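Working notes, beginning with the structure itself.
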Amino acid sequence: MIADEPTATTFFSKLFGLTEKVAIVTGAGSGIGHGIARYLAAAGARVVIAEISPEAAARVTDELNAARPESAFAIRTDVSDEASVAATMRATLERFGRIDILVNDAGIFPTTPIAEMTLQDWERVQGVNLRGTFLCLRAAALQMRKQGSGGRIVNISSIDSLHPSMVGLAHYDASKGGVNMLTRSAALEFGPDKITVNTVLPGMIATEGVAAMSKGAPTTMAQSTATFGARTVLGRVGTPEDIAACVLFLAGDAASYITGQTLVCDGGYLIG
Ligand SMILES: NC(=O)c1ccc[n+]([C@@H]2O[C@H](COP(=O)([O-])OP(=O)(O)OC[C@H]3O[C@@H](n4cnc5c(N)ncnc54)[C@H](O)[C@@H]3O)[C@@H](O)[C@H]2O)c1
């Protein structure tokens, strides 16, 4: 049956296609979020680029709309700000009429040892990574509940939520641990509404954000990716597309019986 071309196409588009779906991707202006937005749009979704940088959002929106007209729409969003998140939900409904998928990708990862960490450093990271995930999740889940046809929420955490990779990321690691538990609690609460909530835990992924983090560091981006890549079982660092493929799976019909789970995508780093 799957060898037959038209039937195979129907079969795969039922499992992985997102035609008619409306997806919000936070932090979609660069790196992993950009990859996720591209994959969701390629699968047929209309994608809201919910990004704090208007320039980055415009670049990605133009790229997606050039590939498929009207497939993307940018809304300047600061996920850590409740009013901004509410405005993004409203603008999405005005533009596309519904919300089917939310991907909480926006995140920051400044490095500071605990000994030098100020309360502001701590609050800023929790504000974007954990409060931001909560604010977007709550707003989108309530809208999905109102629509009554289920939904998909995918949070982007990190393997650092399971095992710290270096000194300086305590605030980040704690925020991502929080995202993992928020995922499970939300899955429990919104399961009766047929809303699934899952988390992807990336290993090291070569992105603009990682390149910026490495600027001025004693090791260059190339050196640290080579070192990290060599420590994975698969011998390389990840790409935004590696994570986007996980999100595409969790956002589609193929994953309709999966909720409250964490999917590690790290090239085998943690088992190595
Ligand atoms: N790159 C990695 O190795 C890696 C590993 C594990 C987890 N992650 C997680 O993946 C996500 C994306 O990381 P990345 O490497 O692509 O980073 P990135 O810096 O390349 O992209 C993050 C995007 O989020 C946006 N953003 C930042 N603060 C925001 C806010 N308050 N509101 C809305 N948008 C905001 C940025 O402008 C940027 O476009 C983060 O949650 C990060 O913690 C990344």
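Looking at the calculated P(r) for the stretch 1-85, what percent of the C-alpha pair distances fall above 15 Å? For the stretch 1-85, the share of Cα pairs beyond 15 Å comes to 57 percent. Size descriptor for the stretch 1-155, Kirkwood hydrodynamic radius: 16.3 Å (Cα pairs only, one decimal). Loop-located trypsin sites (Lys or Arg not before Pro) in the stretch 163-234 (DSSP state other than H, G, I, E, B) with a sparse environment of at most 12 neighbouring Cβ atoms within 10 Å: K215.
Give me the net charge for the shell around T112: Cβ to Cβ below 11 angstrom, other residues only, Lys and Arg +1, Asp and Glu -1. Working shown, then result.
Working: positive: R124; negative: E116, D121.
Within the 11 Å Cβ shell, the charges total -1.
Apply 1/(1 + (r/R0)^6) to the Cβ-Cβ distance of M166 and R90, taking R0 = 51 Å, and write down the FRET efficiency to the nearest 0.05.
Working: r = 40 Å, r/R0 = 0.78.
The calculated FRET efficiency here is 0.80.
Here the Gaussian network model covers the chain, with springs between Cα atoms less than 10 Å apart; of A230, A115, A74, A115 fluctuates the most.
Computed over the Cα atoms of the stretch 35-101, the ratio of the radius of gyration to the Kirkwood radius (Rg/Rh) comes to 0.95. Nearest 10 degrees is fine. How inclined is helix 5-16 to the longest principal axis of the chain, computing both from alpha carbons? Approximately 60 degrees, to the nearest 10.
Could you check how many percent of all C-alpha pairs in the chain are farther apart than 26 Å? Looking at the chain, the distances longer than 26 Å represent 39 percent of pairs. Compute the helix-to-body angle for 240-251: its Cα long axis versus the longest principal axis of the chain, expressed 0 to 90° and rounded to tens. The two axes meet at around 40 degrees. Taking the inverse of the mean 1/r over every pair of distinct Cα atoms in the stretch 150-196 gives a Kirkwood hydrodynamic radius of 11.6 Å.
Of the chain, which part is the longest with no GluC sites (Glu not before Pro) in a loop (DSSP not H, G, I, E, B) and with at most 10 other C-beta atoms within 10 angstrom?
71-272
Of I99, I75, I108, the residue with the greatest mean-square motion in the GNM of the chain, using alpha carbon springs below 10 Å, is I108.
Across the stretch 78-158, the relative contact order, built from alpha-carbon pairs under 8 Å that are at least six residues apart, equals 47 percent. Once both labels are positioned 7 Å from their Cα atoms along Cα-to-Cβ, the gap between S185 and A212 label points is 2.9 nm.
If you count only protein heavy atoms with a 1.4 Å probe, what accessible area per residue comes out for the chain, rounded to a whole Å²?
47
If you average 1/r across every pair of different Cα atoms in the stretch 134-225 and take the reciprocal, what Kirkwood value do you get, in Å?
Hydrodynamic radius (Kirkwood, Cα pairs) of the stretch 134-225 is 14.9 Å.
Considering helices alone, the calculated mean residue ellipticity of the chain at 222 nm is -14500 deg cm²/dmol, with DSSP H runs of length four and up weighted by -39500 (n - 2.57) and normalised per residue. Magnitude of the charge dipole for the chain, about its Cα centre and with charges confined to Cβ atoms of Lys, Arg (+1) and Asp, Glu (-1), is about 380 debye.
From most to least packed by mean Cβ count within 10 Å, the peptides 166-174, 25-33 give 25-33, 166-174.
Carbon-plus-sulfur accessible fraction, the chain (probe radius 1.4 Å, protein heavy atoms only): 60%.
The values are calculated or read from the model by the stated rules, or taken from the named source; none is laboratory data. On a predicted model such as this, the values are computed, not experimentally measured, just so you know. Positions of Cβ are backbone-derived with ideal geometry, glycine not excepted, and every protein chain shown enters the neighbour counts. With ligands, DNA and RNA removed, areas are computed over all heavy atoms of the protein, side chains included. Shrake-Rupley method; radii C 1.70, N 1.55, O 1.52, S 1.80 Å.
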